[in-house]
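Peer 1: I am attaching a structure below and will ask some questions about it afterwards.
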Amino acid sequence: NAGVTQTPKFQVLKTGQSMTLQCAQDMNHNSMYWYRQDPGMGLRLIYYSASEGTTDKGEVPNGYNVSRLNKREFSLRLESAAPSQTSVYFCASSGIQGLTDTQYFGPGTRLTVL
Amino acid sequence: AQTVTQSQPEMSVQEAETVTLSCTYDTSESDYYLFWYKQPPSRQMILVIRQEAYKQQNATENRFSVNFQKAAKSFSLKISDSQLGDAAMYFCASVRDYGGSQGNLIFGKGTKLSVKP
């Protein structure tokens, strides 16, 4: 049982390049989330997927797109990377939609945009 | 806007001593959950403890306990018998309550805990 996995662990991009961050969970969770963590800012929600087939914007969605490929996988795409997107990205999942969620996190991806 | 405030950017504790990390939050929900997450240098976010707002009893997990004051919207974490492995960033989080994203967490900015041998 691997929990939540993310690939890659590290990535360096040039401004304007695109890339996709992959996330998968093996806990049969319904909901999945993408956060970014910047120094001194805590974690902020980018996008989430309450269930397979649905996605919604979070607090900081600009510059990102997501795909809930199936129940296990939730990807985050940067179409044209900008230096402001330099951050650590975390994927998380939780069992049910609603106030009783406990979210479990992946190990994170450190992204640098030059 | 929903907010979670951790007023102590850094804390230090002697090994085997007790330390308390502070957190206050703002929510319009009457029923919600609160969480403490630990982030060691490995960057992994690890759930430490969670509290259901409808429960009056404070949650406890081994050496970790909370002091939940619902009226004051305060949720502090007490670490007893501190160990070197407790050194990490600690994040307080509450559930968000706008629109359809009721399961999404709002995080504080974190408290960096150092443990001195």
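Peer 1: If packing is taken as the average number of other Cβ atoms within 10 Å across a peptide's residues, how do B:57-70, A:55-68 rank, most packed first?
Peer 2: For the peptides B:57-70, A:55-68, the packing ranking is A:55-68, B:57-70.
Peer 1: If you don't mind, another one. Please report, in cubic angstrom per residue, the volume enclosed by the convex hull of the alpha-carbon atoms of chain A.
Peer 2: In chain A, the Cα hull volume divided by residue count equals 93 Å³.
Peer 1: What trypsin sites (Lys or Arg not before Pro) does segment A:1-39 have in DSSP loop regions with at most 12 other beta carbons within 10 Å?
Peer 2: Of the trypsin sites (Lys or Arg not before Pro), the ones in loops of segment A:1-39 whose Cβ has at most 12 other Cβ atoms within 10 Å are A:9, A:14.
Peer 1: Continuing with the same structure: Work out the mean other chain Cβ neighbour count within 10 Å for the residues of B:45-53 and drop it here as an integer.
Peer 2: Averaged over the peptide's residues, the number is 3.
Peer 1: Roughly speaking, what is the stretch gain from residue A:51 to residue A:10, that is 0.36 nm per residue apart minus the C-alpha to C-alpha distance, in nm to one decimal?
Peer 2: So the extension gain works out to 12.0 nm.
Peer 1: Continuing with this model, one more query. Using a 1.4 Å probe on the protein chains only, how many percent of the accessible area of chain A belongs to carbon and sulfur?
Peer 2: 51 percent
Peer 1: Moving on to the next point. When the Cα centres of segment A:1-41 and segment A:49-100 are compared, how far apart do they sit, in Å?
Peer 2: With segment A:1-41 and segment A:49-100 each reduced to a Cα centre, they are spaced 8 Å.
Peer 1: Normalized C-alpha radius of gyration of segment A:1-65, against 2.2 N^0.38 Å? Walk me through the numbers on the way to the answer.
Peer 2: Working: Rg = 13.2 Å, N = 65, 2.2 N^0.38 = 10.7 Å.
With N residues counted in segment A:1-65, Rg over 2.2 N^0.38 Å equals 1.22.
Peer 1: From the phi angles alone, apply the Karplus equation (6.51, -1.76, 1.60; θ = phi - 60°) to segment A:11-23 and give each ³J(HN,Hα) in whole Hz, x where the residue is Gly or Pro.
Peer 2: Karplus-based 3J(HN,Hα) across segment A:11-23 equals 7, 10, 10, 9, 3, x, 6, 10, 6, 10, 8, 9, 9 Hz.
Peer 1: Peptide A:51-57: average number of partner chain Cβ atoms within 10 Å per residue?
Peer 2: Taking the mean over all residues of the peptide, I get 1.
Peer 1: Hey, what did chain B get for relative contact order, percent, Cα under 8 Å, at least 6 apart?
Peer 2: Relative CO of chain B lands at 36 percent.
Peer 1: Given a Förster distance of 35 angstrom, what is the FRET efficiency for residue B:74 paired with residue A:86, based on the Cβ-Cβ distance and rounded to 0.05?
Peer 2: With a Förster radius of 35 Å, E is 0.55.
The values are calculated or read from the model by the stated rules, or taken from the named source; none is laboratory data. None of these values were measured; they are calculated from a predicted model. As a convention, Cβ positions derive from the backbone with ideal geometry for all residues, glycine included, and neighbour counts pool all protein chains shown. Ligands, DNA and RNA are stripped out before the accessible areas are found, and what is left, the full protein with its side chains, is counted by its heavy atoms. Shrake-Rupley method; radii C 1.70, N 1.55, O 1.52, S 1.80 Å.
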